[in-house]
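J.: One structure is given below, represented as structure tokens, and several questions about it will come after.
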Amino acid sequence: MSVPSPIVATVREIIGAQYVLTDAVDTAPYLTDWRKSYTGVALAVVRPVTTEEVAKIVKACVAANTPIVPQGGNTSMVGGSVPDTTGRAIVLSLNRMNRIRSIDTDNDTLIAEAGVILQNLQLAAANVGRLFPLSLGAEGSCTIGGNLSTNAGGTNVLRYGNTRDLVLGLEVVTPSGEIWHGLSGLRKDNTGYDLKHWFVGAEGTLGIITAASLKLFPQPQARAVAMLAVASPAEAVKLLNRMKRAFADRLVGFELIARVCVELVLRHIPNTREPFANPHAWQVLVELNDSRADAPIGEWMERELGEAIESGEALDAVIATSDAQIVELWRMREEITEGQRLEGKNVKHDISIPISRIPAFIEKCDAALISAFPSISLVCFGHLGDGNLHYNCGIPAQGLANSEAINKIVYDHVDEFGGSISAEHGIGQLRREELTHRKSAVALEMMRQLKRALDPHNLMNPGKVI
């Protein structure tokens with residue numbers, strides 16, 4: 001029997017041997033990312049259950065100069081939650097820290113531990129008549145700690161904002177093993193630096209989020225969902241402006257979908273069907289909601305969409321008339337990623353562009369890519385309402401062979417149109433090098449200074465972000 005490393009033996013003493021995984025069969029699920037793009041090596045996977053245990057583990061790792069890779073549901077799209085191949089690190093899984101600590105319906109707040117699965121958090125809020133609005137494709141397996149560490153977005157950002165906008169306070173274990181008890185329920189607290197924002201979006205490189213105080217909202221009682229056909233992204237932007245004027249914050253979702261996305265879903269996802277009698281080049285999925293059950297938002301939507309069709313902003317519309325139809329229409333959007341995965345390898349881009357400039361970006365970047373790679377498949381979809389596109393590129397039979405050249409074309413156009421190379425997925429390993437070329441020297445140095453100040457030994461998720 002091999003002798004465990006000193007740090008593994010120490011962690012076993014802290015949390016118990018049964019919660020320190022070292023056998024290959026046990027650690028394998030924690031070492032490969034969701035997209036199967038990165039596989040690392042770790043001394044062990046450790047699974048604490050309290051913040052105090054996390055703090056003790058961090059102190060022990062600092063003493064042993066052992067890197068720590070925090071991990072939630074391991075659903076990162078950019079390789080942010082798995083270790084490198086040196087084998088020096090431990091993976092610190094927070095999936096046992098999965099309690100809802102408290103719910104305050106008068107203050108409309110909920111305190112959840114980092115390992116709470118997003119869907120379970122949504123259900124906990126719904127059980128007390130409230131809404132936690134963060135919603136994304138991986139909500140059945142991703143955790144709130146991971147959502148916070150990447151500042152996740154999803155389909156409701158247009159109305160409720162990113163994860164950053166939903167957090168009031170955090171509990172964090174710092175890189176020195178101290179515990180910051182910052183679980184405030186205050187919406188106004190102007191007492192110096194807002195420390196929670198150091199850790200939201202930092203991907204575990206500045207500390208380990210162990211719990212969060214989160215905002216709740218009234219539970220919607222009325223929903224209206226429609227799929228619309230539009231001639232172009234430019235017409236979709238016109239339609240977005242119409243819907244914002246008509247419905248203001250009742251407008252929750254506004255998703256742009258290219259024709260190729262529909263074809264991928266129809267080809268690979270069982271029990272899906274064409275939304276319209278005739279195919280259209282572009283589609284938009286729209287959702288309204290209201291906290292009053294008697295709000296006639298379906299009638300309002302039907303009237304507004306009728307006017308949009310008359311004006312030419314929309315070509316056709318399918319309005320859901322039942323909960324089952326709402327699920328069916330949203331499924332056409334939510335299964336795009338899975339449909340593309342089943343189609344084959346693709347070069348993914350999670351970009352944001354000023355909404356007003358999205359049509360011109362798509363036109364110009366599409367043309368540049370097709371000129372360079374005539375057989376390329378451009379899978380463009382995403383959250384038009386907040387300017388976030390998933391602009392994915394696939395070349396049949398070539399896989400990822402041209403990813404570097406494709407990335408350069410896409411990111412050069414993103415720069416030209418004043419956008420960002422990462423809207424909601426984060427930087428991780430995948431975009432770390434690209435960040436150094438796309439972020440200003442001043443911004444990069446400020447990020448490095450913050451990293452050095454909080455994590456001078458570079459033990460917190462090394463090799464990610466910066």
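J.: For segment 200-246 and segment 378-446, what is the separation of their C-alpha centers, rounded to whole Å?
T.: Centre-to-centre distance over Cα atoms comes out at 20 Å.
J.: Here is a follow-up. How much net charge surrounds R333 when only the other residues with a Cβ under 11 Å from the Cβ of R333 are counted, with Lys and Arg +1 and Asp and Glu -1?
T.: -4
J.: Let me ask something else. For the residue pair A234 and A367, what label-to-label distance in nm results when each label sits 7 Å from Cα along the Cα-to-beta-carbon direction?
T.: Each label point lies 7 Å from its Cα, and together they span 1.2 nm.
J.: Okay, moving on. Once each part is reduced to its C-alpha centroid, what is the distance from segment 158-184 to segment 1-80 in angstrom?
T.: Cα centres, segment 158-184 to segment 1-80: 22 Å.
J.: Using Cα-Cα distances under 8 Å and only pairs 6 or more residues apart, what relative contact order does segment 253-332 have, in percent?
T.: In percent, rounded to a whole number, it is 33.
J.: Enter the angle in degrees (range 0 to 90, nearest 10) between the Cα long axis of helix 6-15 and the first principal axis of the Cα atoms of the chain, meaning the one along which they spread out most.
T.: With rounding to tens, the tilt is 70 degrees.
J.: Could you work out [θ]222 nm for the chain from helices alone, using -39500 (n - 2.57) per DSSP H run of at least four and dividing by all its residues? Round to the nearest 500 deg cm²/dmol.
T.: Rounded to the nearest 500, it is -10500 deg cm²/dmol.
J.: List, in the order given, every pair from K59/K188; K244/K464; K345/K451; K59/K451; K59/K348 whose Cα-Cα distance in the structure shown is over 27 Å.
T.: Table pairs above 27 Å Cα-Cα are K59/K188; K244/K464; K345/K451; K59/K348.
J.: Describe numerically, in nm with one decimal, the distance between label points set 7 Å from Cα along Cα→Cβ at A405 and at W300.
T.: Modelled inter-label distance: 5.1 nm.
J.: For the chain, build the charge dipole from Cβ charges (+1 Lys, Arg; -1 Asp, Glu) around the Cα centre, then report which of N156, G115, H181 sits farthest towards its positive end.
T.: Result: H181.
J.: Considering all alpha-carbon pairs of segment 6-93, what whole percent are spaced by more than 15 angstrom?
T.: Distances greater than 15 Å cover 53 percent of the Cα pairs.
Taken together, the values in this text are just the output of simple stated rules run on the coordinates, not laboratory data. Because the structure is a prediction, the values reported are computed rather than measured. Using ideal geometry, Cβ is built from the backbone for each residue, glycine included, and neighbour counts are taken over all protein chains shown.
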